[in-house]
Structure formats: C-alpha cells, structure tokens
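The values are calculated or read from the model by the stated rules, or taken from the named source; none is laboratory data. Since this is a predicted model, take the numbers as computed values, not measurements. Because the Cβ atoms are built from the backbone with ideal geometry, glycine has one as well, and the counts that use them run over all protein chains shown. To get the accessible areas, we keep the full protein, side chains included, count just its heavy atoms, and leave off ligands, DNA and RNA. Shrake-Rupley method; radii C 1.70, N 1.55, O 1.52, S 1.80 Å.
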Amino acid sequence: MNKTTNIIAFQGEIGANSDLACRSVHPEMKTLPCETFEETFDSVRTGKAKLALIPIDNSVAGRVADIHQLLPESGLFIVGEHFQRVEHHLLATPGSQLSDLTHVHSHIHALGQCRKMILKQKLKEIIESDTAFSAKYIAEKNEKSEAAIASELAAHTYGLQILKTNVEDEPGANVTRFLVMGKESKHPEFTKEKNFITSCIFQLKSIPSALYKALGS
C-alpha cells in the first residue's frame with residue numbers, strides 16, 4: 001500500500017479549522033499541514049498526500065481569496081465537498097484568568113467575528129496568519145496576559161485552557177465550505193434522491209456584460 005493513501009493535506013498549522021475539517025471528513029487519514037495553498041496542492045501532485053482539503057467560501061467572510069484563481073492551475077479534481085461549522089474559543093495558558101488578559105491573537109476574520117467579546121473584555125487585537133498559529137504562539141510565549149481565539153483542537157494540541165467557549169458574535173452561523181481535491185477524477189453515483197453540485201470553470205473576454213451573456217446563453 002502506498003504510504004500517501006492515508007494522508008490528507010491542508011493549509012495552516014496543526015489545530016487549525018482546516019485541520020479539524022480534515023479529521024471530520026476523513027477521520028481515518030493523517031493530516032499534513034502546509035504553509036500555503038500552493039504547497040497544499042503540490043503535496044498531492046507530488047505524492048506526499050492523497051487528498052487536499054481546500055476552503056472555498058465562508059458564510060460570514062465570503063469567498064476565500066485567491067482560491068478561485070488557483071483551482072484551474074492546480075491540476076487536481078474536485079472529488080468531494082464538506083461543510084464545517086466554525087466555533088471560536090478564547091484560549092490562554094494554564095492558570096490564566098479572564099482578568100489577566102490584555103491582548104488577543106488570531107486570524108483577522110476570527111477577530112472580526114468575535115468583536116463583542118473582545119470589546120467586552122477590553123482586549124488589544126493582534127492579527128496572526130491563522131487561528132492555530134495564534135494558539136501555538138501564546139503557548140510558546142507562556143504569558144498570562146496573552147490569549148488566542150482558536151478551535152478546541154488547537155487548545156488540546158498546544159496544551160492551552162479554554163476560558164470561554166463559542167465567543168463568536170453569531171454562534172452557529174459560521175460555516176466554511178471545503179472542497180476535497182485529488183489527482184484522479186471521481187464521479188459519484190447519481191440518484192434522484194440526492195442533490196448534486198456541478199462546478200464549471202470557464203474564461204470570459206474583458207467586455208461589458210460578458211458574465212451576464214455567458215450565464216444567459
């Protein structure tokens with residue numbers, strides 16, 4: 001058996017929401033963290049991983065920047081889809097209390113989605129590359145005044161305590177849609193009882209009403 005058959009790649013640090021999504025959609029597979037989306041695609045193309053899980057859009061933040069531009073050049077096929085509910089938690093080093101906190105680290109979208117809690121706690125925001133990196137950073141820094149907004153998986157991964165759960169402004173409304181990508185095309189068995197989504201990639205001329213005409217033709 002090829003050792004890559006049990007690996008699924010994602011962009012971000014261990015404990016990121018993408019890592020959590022990988023474990024949800026393919027719990028039998030090991031997860032492979034990658035620094036960039038390009039590296040995530042490349043890990044499948046070069047055989048380091050069998051699949052890649054890529055976020056395509058979010059119900060709160062909208063579409064993920066650059067992904068739609070990278071997809072046509074990835075050389076991979078869409079073989080599945082997954083919807084992951086995003087839950088933000090306030091993490092700190094063991095022994096910290098809410099009254100100790102002065103700063104909170106996280107991805108810019110996570111900070112924006114937890115505005116009410118941040119204002120209530122009077123915390124200074126510090127933008128990081130992703131939520132799991134924030135958790136890793138405060139775990140290494142080990143200061144009671146520093147907190148992170150990240151997942152429960154990140155808390156367990158980096159030995160942090162959860163001071164407040166579900167600190168997002170709109171609990172339950174934050175969902176990210178992921179695409180499962182692979183080197184080989186995989187068509188589902190079509191049945192009348194299920195709804196299916198077909199993804200199409202096409203290029204338009206830079207002229208007025210080009211998209212309107214394409215969708216209406």
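From its DSSP helices (H runs of at least four residues, each -39,500 (n - 2.57)), the chain gives a residue-normalised ellipticity at 222 nm of -7000 deg cm²/dmol. In whole percents, the pair-distance distribution calculated for the range 57-175 from its alpha-carbon pairs, binned every 10 Å from zero, is 14, 43, 27, 13, 4, 0.
With a ≥ b ≥ c taken as the square roots of the eigenvalues of the C-alpha gyration tensor of the range 1-96, please select rounded if a/c is under 1.5 and otherwise prolate if a/b is larger than b/c or oblate if it is not? Since a/c reaches 1.5 but b/c is at least a/b, the shape of the range 1-96 is classed as oblate. For the chain, the C-alpha radius of gyration sits at 1.14 times the compact-globule guess of 2.2 N^0.38 Å, with N the residue count. Taking Lys and Arg as +1 and Asp and Glu as -1, the other residues whose beta-carbon sits under 13 Å from that of His88 total -2. Accessible area of Phe41 (1.4 Å probe, protein heavy atoms only, ligands and nucleic acids ignored): about 10 Å².
In the complete set of protein chains, residue-level accessible area for Lys164 is approximately 70 Å², probe 1.4 angstrom.
My understanding is that a pair violates if its Cα-Cα distance is over 29 Å; which of Lys48/Lys186; Lys116/Lys136; Lys30/Lys136; Lys48/Lys194 do that in this structure?
Lys48/Lys194, as the Cα separations exceed 29 Å there.
With the Cα gyration tensor of the range 14-60 giving a ≥ b ≥ c as the square roots of its eigenvalues, does the rule (a/c under 1.5 for rounded; else a/b larger than b/c for prolate; else oblate) give rounded, prolate or oblate? Judged from the Cα gyration tensor, the range 14-60 comes out oblate (a/c at least 1.5, b/c at or above a/b).
Computed about its Cα centre, the charge dipole of the chain is approximately 380 debye, with only Lys, Arg, Asp and Glu carrying charge at their Cβ. Count Lys and Arg as plus one, Asp and Glu as minus one, and take only other residues whose Cβ is under 12 Å from that of Gly75; the net charge is then -2.
Taking R0 as 22 Å, what's the FRET efficiency between Leu215 and Gln69 from their Cβ-Cβ distance, rounded to 0.05? Don't skip to the end; give the middle numbers.
On the way: r = 20 Å, r/R0 = 0.89.
It comes out at approximately 0.65.
Using θ = phi - 60° in the Karplus curve 6.51 cos²θ - 1.76 cosθ + 1.60, the 3J(HN,Hα) couplings for the range 29-38 round to 9, 7, 9, 10, x, 10, 6, 10, 5, 4 Hz; x is entered for Gly and Pro.
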